[in-house]
1. Condition (residue is basic (Lys, Arg) and part of a strand (DSSP E or B)) applied to region 189-210: is it met by at least one residue?
2. State whether the residues of region 161-174 include one that is surrounded by fewer than 19 Cβ atoms within 10 Å (Cβ to Cβ) and in a strand (DSSP E or B).
3. Quick check on region 161-175. Is at least one of its residues touching a residue at least 40 places away in the same chain (Cβ under 8 Å), more than 17 Å from Ser149 (Cα to Cα) and in contact with a Ser or Thr (Cβ under 7 Å, 6 or more places away or on another chain)?
4. Would you check if there is a residue in region 11-20 being more than 17 Å from Ala222 (Cα to Cα) and buried (at least 17 other Cβ atoms within 10 Å of the Cβ)?
5. Just one of the numbered conditions (1) crowded, with 17+ Cβ neighbours inside 10 Å; (2) touching a Lys or Arg at 6+ places or on another chain (Cβ under 9 Å); (3) under 30 Å from Glu97 (Cα atoms); (4) at pLDDT 95 or above is not true of Leu221; which one?
6. So, in region 113-135, exactly how many residues are assigned to a loop (DSSP other than H, G, I, E, B) and in contact with a Ser or Thr (Cβ under 7 Å, 6 or more places away or on another chain)?
7. Kindly evaluate Ala150 against the criterion of being within 25 Å of Ile198 (Cβ to Cβ), touching a residue at least 60 places away in the same chain (Cβ under 8 Å) and surrounded by 15 or more Cβ atoms within 10 Å (Cβ to Cβ).
Amino acid sequence: MCVLTYIPTNETDFIVTHNRDETLKRPKAFPPQTHSLHGYEVTMPQDALAGGTWIASSKAFTLCLLNGAFEKHTPQPPYKQSRGQIIPDFFRYGSVESFCQHYDFEGIENFTLIVFVQNSLVEIHEIRWDGKQLFSEQKAVNQAHIWSSATLYPLAIRQQRAAWLADFLEKNPHPTPEHLLDFHLYGGTGDKHNDMRINRHNDLVTQCIVQISYQHHEANLAFYDLLADLKV
């Protein structure tokens, strides 16, 4: 769960686009469906192996998960649960503050969780767990942001991707969802190892893209299955 961009379109609306980079040995994810979770109607794709998710949206929240916290870590299994369960679990708590205060992070592998709170004004919360300590901060909602998985992309590549996004926005100051999809498909320098859409030795590839357009207090979720060349 691997690269995410956030683009504000006005004071209350935004576009979130997320590439899922995963080994072909892992079964394909199930396309998005709407589930009732702890009183919320939540639309999300599901991992076919562990049953969790890496992205979800409701009227109140949009959440995106990336593997790793700050830098690549050495896994130390066994872990008590899949990181894919974190997003469904979040809806038990109803707020970022309650989630950070009461959720039991011990025994979960390192991750970064981005939470978009969709009130009258949007909030962005960046939550990182490095296996020992929780870090949380708010990000500016009037600025574009990009996050890449620390387990797959070293700092130099993450910084390069930020430069690509800045260049893209300079050329496209008012991007549409279609513009951003193109950036997530074709952005980069031709290096299939580290471009926005990757293919590492026909094993680790960008399997799908999920895009959420939040406008007028409604979220529209599009799912692009790149392996089947299909939009759901």
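The values are calculated or read from the model by the stated rules, or taken from the named source; none is laboratory data. This is a predicted model, so every value here is computed, not measured. Cβ: placed from backbone, ideal geometry, glycine included. Neighbour counts: every protein chain shown.
1. yes
2. No, there is no match, as no residue in region 161-174 is surrounded by fewer than 19 Cβ atoms within 10 Å (Cβ to Cβ) and in a strand (DSSP E or B).
3. Within region 161-175, not a single residue is touching a residue at least 40 places away in the same chain (Cβ under 8 Å), more than 17 Å from Ser149 (Cα to Cα) and in contact with a Ser or Thr (Cβ under 7 Å, 6 or more places away or on another chain).
4. Within region 11-20, not a single residue is more than 17 Å from Ala222 (Cα to Cα) and buried (at least 17 other Cβ atoms within 10 Å of the Cβ).
5. Going through the list (1) crowded, with 17+ Cβ neighbours inside 10 Å; (2) touching a Lys or Arg at 6+ places or on another chain (Cβ under 9 Å); (3) under 30 Å from Glu97 (Cα atoms); (4) at pLDDT 95 or above, Leu221 breaks only (2).
6. Count: 1.
7. Yes: the conditions hold for Ala150.
For (1) among the basic types (Lys, Arg); (2) surrounded by 15 or more Cβ atoms within 10 Å (Cβ to Cβ), each residue gets a yes or a no:
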{"residue": "Ser57", "(1), (2)": "no, yes"}
{"residue": "Ala60", "(1), (2)": "no, yes"}
{"residue": "Leu63", "(1), (2)": "no, yes"}
{"residue": "Lys72", "(1), (2)": "yes, yes"}
{"residue": "Pro75", "(1), (2)": "no, no"}
{"residue": "Lys80", "(1), (2)": "yes, no"}
{"residue": "Gly84", "(1), (2)": "no, yes"}
{"residue": "Pro88", "(1), (2)": "no, yes"}
{"residue": "Arg92", "(1), (2)": "yes, no"}
